[in-house]
Every structure is written in C-alpha cells, then in structure tokens.
Amino acid sequence: KQWYQRRVRAGGFCYVLAFIPLILVPESPRFLLVTKKNEAAAKSSLKWLAKINGFPQDMSKLTLQDTSAEETAQISEPGFIDTLKDFKNYPEMTIQLLVQMWTWMVSGFVYYGFSFSWSKLGNNIYLSYMFAALGEVIAYILMVFPLEILGRKLSNIIFFGIGSLSFLIALIPYSLGTLTVEQLSCLIGSMAVAAVFGSIYLYTMELAPTSHRGKILGYCSFSARIGAFCGPQASLLFEWNKTGTLIIFATLAGLAALATMRLPKTKGTQTPNTAEEVQNPKIREDKSDTIVISNLR
C-alpha cells in the first residue's frame, strides 16, 4: 500500500508537469499563417523556435508564403506503389531503412526486455524498478549533451556500445555490498539503451527524406513493436539461463552499434527532401530564404 500511494503521487506530479509546455510553447507557425492569416505572429513563432534551437534568424529576411488553394489542388502526392518503387530505384535509401529498422528492433527488444526483468535482478522488486525508473530519467537528461556535441550517429554508436559492454560486465560474479556488479552493470546498460530509444527518433527523421519520412518512420516503428513484443518473452529466459540472456542482449546491442556505422552523419548537414538527395547528397539544394507553408491537410 505504501508503494502504491507513492506511485500515485509521482504519477500525478508528472501529469501536472506535462501541461507546462502547453503554456510555454507558442502556436504553430503554419496554423497562424494558414488559418489565422497572421504573418507577423507566424514570424514571431518561427523566431522563438529558431532561437531555442540555437539558430537565431532575422525574420525580416524571410518570406512566408502560403500556397493558395488553387496551387495546392494541383499538387499530387506520390501513391503508396510509387514510394515502394523509389526504394528499388534508390538502393541507398533502402539500405539506410533496413539498418534503421534493425536498430529500432534491437532498441525495443532490449528496452522492454529489461523493463520486465528487473524483478529477477534484485531482491526487492520495488527498489529495483525505482532505480530503473530513476536511471531512465537520468539517461534522457544526459543524452542531450552527446547528441548536441557529437551528433546523432556517434552518440548512438556509443550508447549501443556502452549497453553491450555493460551486459558483458554483468556476467562478473562480484558483490559491491548491497549492490552486485550484475545489478549495477544492467542498470548502466538499460540507461544506455533508453538513451538510444529516445535519440533514434531524431536520427531517423534527419536521415529520411521529406517525401518518404512518414512511411520510413512507420516502418521503423513497426520494427520496434516487433522487438517490444519479443523483449518481454526474452525476459523469461532470466529464470532459465541468466548468463545466456545477458549474452544475447550484449550481442544484439553490439551488432546494432556496428550497423549504425553504415549510416551517414547528420550533424552539420541539410535534411534531404527527396529520395534522389539521399542517393546523391551532393545534389541537395541550398537552403532558401523563402519558407513555403502549404495548406495541405
């Protein structure tokens, strides 16, 4: 009952915190321009977004263009079959998609595998999950710094590498008083995987071209769900063979780190708009001073 009350209080506090961004974050520039027809407010919102992302802009040099209904009516988006053909015509985009689907699957597998395994790694189920939750919060906070300094690719490689190494160190039968090397190493490893799970969304959206971003993110999310389904089943292996289970987690995380090396860097580069730009990054167009905001739904 005591732990239940603490859980209710902590959950209620988190729900209250979730409403703070609704007050601080400004309205969408697209909504202000297309719906409200307020270009000044849209520029103000863009200025705030650019400043908080570390790229302050002079709004007087930017032109916001709302495409008319006649113009948007003439725009036809490629169909599902056409996008599938693009994966055949542009093999580099296909390779990147397969690598990302693998890393997403491993992230979901290890993350949810450990989420259902903490009761088997400690003597007190409540303390085990409390430390796991605290470690995940710390991981989400600390992952911001390597992402900004090292970029998405190198950060994900390091996170996967730390996870793989931690799971191998957990095999050492040594006690540190109340904690064992197994518990401490698994905590560090799960924190690293949680950091990957949080940052991999950014990396995928920066790699995927604008024309295929939604579909690629959907494919990757589907892969993560497969891993999330298999992870809890793998946690049952802890009761059968704890050493073998840790080796499986370490191997998968290590292979994911190696696979990530195949992906390109996104730090300091422009996000691709088309599949052709993924195939040949040199043809990416320079950033324009005109921002086109479409009223397509």
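In what order, largest first, do GLU92, GLU148 sit by accessible area if the probe radius is 1.4 Å?
Numbers: GLU92 40, GLU148 120 Å².
Sorted by accessible area, descending: GLU148, GLU92.
What ranking do 209-220, 95-106 get when scored by the average of other Cβ atoms within 10 Å per residue, highest first?
Working: 209-220: 17.5, 95-106: 21.1.
Going from most to least packed, we get 95-106, 209-220.
Rank LYS267, LYS242 by accessible area, highest first, at a 1.4 Å probe radius? Kindly include the intermediate steps, with their values, before the conclusion.
Numbers: LYS267 110, LYS242 65 Å².
From most exposed to least exposed: LYS267, LYS242.
Which GluC sites (Glu not before Pro) from the range 228-287 combine a DSSP loop assignment with at most 13 other Cβ atoms within 10 Å? Each step should come with its number before you reach the end.
Details: sites: GLU239, GLU276, GLU277, GLU285; in loops: GLU285.
Hits after loop and neighbour filter: GLU285.
Compute the FRET efficiency between ASP82 and ALA18 as 1/(1 + (r/R0)^6), taking r as their Cβ-Cβ distance and R0 = 41 Å, and round to the nearest 0.05. Provide the component values of the computation, followed by the final result.
Working: r = 39 Å, r/R0 = 0.95.
It comes out at approximately 0.60.
How far apart, in nm, are the 7 Å Cα→Cβ label points at GLN233 and VAL144?
With each label point 7 Å from Cα toward Cβ, the separation is 3.8 nm.
Determine one quarter of the surface area of the Cα convex hull of the range 2-65, which equals its mean projected area, and express it in nm² to one decimal.
Details: hull surface 23.9 nm².
Reported value for the Cα convex hull: 6.0 nm².
Plugging the Kirkwood radius over Cα pairs into Stokes-Einstein for the range 160-284, at a temperature of 4 °C and a viscosity of 1.567 mPa s, what D comes out in µm²/s?
Numbers: Rh = 16.6 Å.
In µm²/s, the coefficient rounds to 78.
Kindly rank 125-138, 223-236, 245-258 from highest to lowest mean number of other beta carbons found within 10 Å of each residue.
Values: 125-138: 15.6, 223-236: 17.6, 245-258: 20.4.
Descending mean neighbour count gives 245-258, 223-236, 125-138.
Over the range 208-283, with every protein chain in place, what whole percent of the accessible area is carbon and sulfur at 1.4 Å, could you tell me?
Numbers: 2540 of 3940 Å².
Carbon and sulfur together cover 65 percent of it.
Return the Cα extents of the range 125-171 along principal axes one, two and three, sorted largest first, each rounded to a whole Å.
Result, largest extent first: 36, 25, 9 Å.
Starting from 0.36 nm per residue, how many nanometres of slack lie between LEU49 and GLN270 once their C-alpha separation is accounted for? List each step's numbers first, then the result.
Numbers: separation 221, 0.36 × 221 = 79.56 nm, distance 1.76 nm.
This chain segment gains 77.8 nm when fully extended.
Could you rank the peptides 47-58, 150-161, 32-43 by their average count of other C-beta atoms within 10 Å per residue, with the highest value first? Could the numbers behind the result be given before it?
On the way: 47-58: 11.7, 150-161: 21.2, 32-43: 16.6.
Packing order, densest peptide first, comes out as 150-161, 32-43, 47-58.
The values are calculated or read from the model by the stated rules, or taken from the named source; none is laboratory data. Bear in mind the structure is a predicted one, so any value in this text is a computation, not a measurement. Virtual Cβ from ideal backbone geometry, glycine too; neighbours counted across all protein chains shown. SASA here: full protein model, heavy atoms, side chains in, ligands and nucleic acids out. Shrake-Rupley method; radii C 1.70, N 1.55, O 1.52, S 1.80 Å.
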